[in-house]
Amino acid sequence: MSRDTVEAVFMTAPGRLERRGVPAPRPREGGAVLKTVASEVCGTDVHLFHGRLPGVPYPIVPGHVSVGRLVEKSGRLADVEGREIQIGALVTFYDVYGTCGACWHCLVAKAGTRCPHRRVYGITAPASDGILGGWAESIEILPGVRLVPLPEGVAPEDFLGGGCGLPTGFHAVERAGVRMGDTVVVQGSGPVGLNAAIFAQLSGALRVLVVGAPKARLDAARRLGAEDVLDVSEVPDPAARVRWVRERTSGRGADVVIEASGNPRAVPEGLEMLRDDGRCVVVGQYTDAGDVALNPHRHVNRRHATVLGCWGYEFTHLHRALEMMRRHDARFRWRELVTREYALGEAERALRDMEHLSVVKALIRP
Ligand SMILES: [Zn+2]
Ligand SMILES: [Zn+2]
């Protein structure tokens, strides 16, 4: 290899993408360099492009979940089983770095995803620190970043068909404590919602009902095992949507509601869909999209509801979600969620298609 420059896409400010050649990264002590195979485009990238996430150190190289080939390393790199990762291996990586393991959040609360030092590739990693995003021909792996070899039988397209929605959906289902025989409502049919629908079934849910849009995403939900789907563009009245859930649950509501829609109004609506003593996980409000009114008596207290937020994911979620993918890919065929692939020069097009929901999952293939 050893080219002097590589091409990368920089988001220099909200609304601005620039493609340019930069010096090829070299591994720091304990670090590595990947030749990018592909990287995902997700709703977060659209939020970044619109400047809706606080604290983003533009310019950044977008693309937080990626697959690459290990082409250079400095020192020994091993997986969690202690096996050395060889040059040429096909890997992804846990996209979070900087979690300190020393602060109050890390040590006392044990809430690592809320560590104030935490940085995420492609989102809160400044380009001044290196090519720390997948919309580039190479990705620099900083010392301490955990590489994860793709399991035998899992191709880059399989893993990226799940994308960041794979560990996020896994985390949300784990947090919801889905039990055997549960009826689960998933609000939102994007990658997080679709993966939550998958993992709810794998956790023993009897039935999964998906409330979302547009049709292509709801068709994917059905293919992935949803018993029934409701198109919010065809049923704009929230009360009618709540009725739809109650009609399918003997009037009682769902055992579990997972909100993965991004619309704040989905939260009180989801609580209306929840049975007494049910569990609701809010994972879709990644940006601040505004306030909504709740009725604390009806929605929470009298309902005896458990309401939980779910922020990011930890290494354990990525690792276990990937192992589950290896075991269950024949059933769920994640790669079919990839609707389109784009070259580096088409990154803006990919963002627009994602924004207009004309794709389920989009990949950048440098
Ligand atoms: Zn910390
Ligand atoms: Zn993402």
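The values are calculated or read from the model by the stated rules, or taken from the named source; none is laboratory data. Worth saying up front: this structure is predicted, and the values here are computed from it rather than measured. Cβ placement follows ideal geometry from the backbone for every residue including glycine, while neighbour counts extend to all protein chains displayed. For the accessible areas, the whole protein counts, side chains as well, though only heavy atoms, and no ligand, DNA or RNA atoms are used. Shrake-Rupley method; radii C 1.70, N 1.55, O 1.52, S 1.80 Å.
The condition of being in contact with an Asp or Glu (Cβ under 9 Å, 6 or more places away or on another chain), under 30 Å from Arg217 (Cα atoms), open to solvent by less than 10 Å² (accessible area, probe 1.4 Å) and in contact (Cβ under 8 Å) with a residue 60 or more places away in the chain holds for only one of Leu166, Leu160, that being Leu160. Filtered by the rule that a residue be more than 13 Å from Pro59 (Cβ to Cβ), in contact with a helix residue (DSSP H, G or I) (Cβ under 7 Å, 6 or more places away or on another chain) and either open to solvent by less than 30 Å² (accessible area, probe 1.4 Å) or within 16 Å of ligand 1 (Cβ to nearest atom) (or both), segment 2-46 gives Ala38, Glu40, Val41, Cys42, Asp45, Val46. Residue-level analysis places Leu90 among those that are surrounded by fewer than 19 Cβ atoms within 10 Å (Cβ to Cβ) and closer than 24 Å to Leu337 by Cβ. Per this entry, Glu247 is not counted among residues that are under 26 Å from Asp353 (Cα atoms) and open to solvent by 70 Å² or more (accessible area, probe 1.4 Å).
Could you grab me the full set of residues in segment 34-53 that are within 18 Å of the chain's Cα centre (by Cα) and assigned to a loop (DSSP other than H, G, I, E, B)? Across segment 34-53, the qualifying residues are Cys42, Arg52, Leu53. Would you tally the residues in segment 97-117 being touching a residue at least 40 places away in the same chain (Cβ under 8 Å) and either crowded, with 18+ Cβ neighbours inside 10 Å or closer than 14 Å to Pro57 by Cβ (or both)? Number satisfying all stated conditions: 2. The condition of being crowded, with 22+ Cβ neighbours inside 10 Å and closer than 30 Å to Ala38 by Cα holds for only one of Val359, Val256, Val338, Val283, that being Val283.
Of the residues making up segment 307-330, those that are more than 19 Å from Cys106 (Cβ to Cβ) and either free of Cβ contacts under 8 Å to residues at least 24 places away in the same chain or hydrophobic (A, V, I, L, M, F, W, C) (or both) are Val307, Leu308, Ala321, Leu322, Met324, Met325, Arg327, Ala330.
Got a sec? Which helices (runs of 4 or more DSSP H) wholly within segment 101-207 have at least 1 residues that are within 16 Å of ligand 1 (Cβ to nearest atom) and among the aliphatic types (A, V, I, L, M)?
104-107
Number of residues in segment 272-305 that are under 23 Å from the mean Cα position of the chain (by Cα) and over 28 Å from Met354 (Cα atoms) equals 1.
Every test in (1) exposed (fewer than 12 other Cβ atoms within 10 Å of the Cβ); (2) not in a loop (DSSP other than H, G, I, E, B) is passed by His299 save one, and that test is (1). Assess whether Pro25 counts as being within 13 Å of ligand 2 (Cβ to nearest atom) and on the phi < 0 side of the Ramachandran plot. Spelling it out, it is not the case that Pro25 is within 13 Å of ligand 2 (Cβ to nearest atom) and on the phi < 0 side of the Ramachandran plot.
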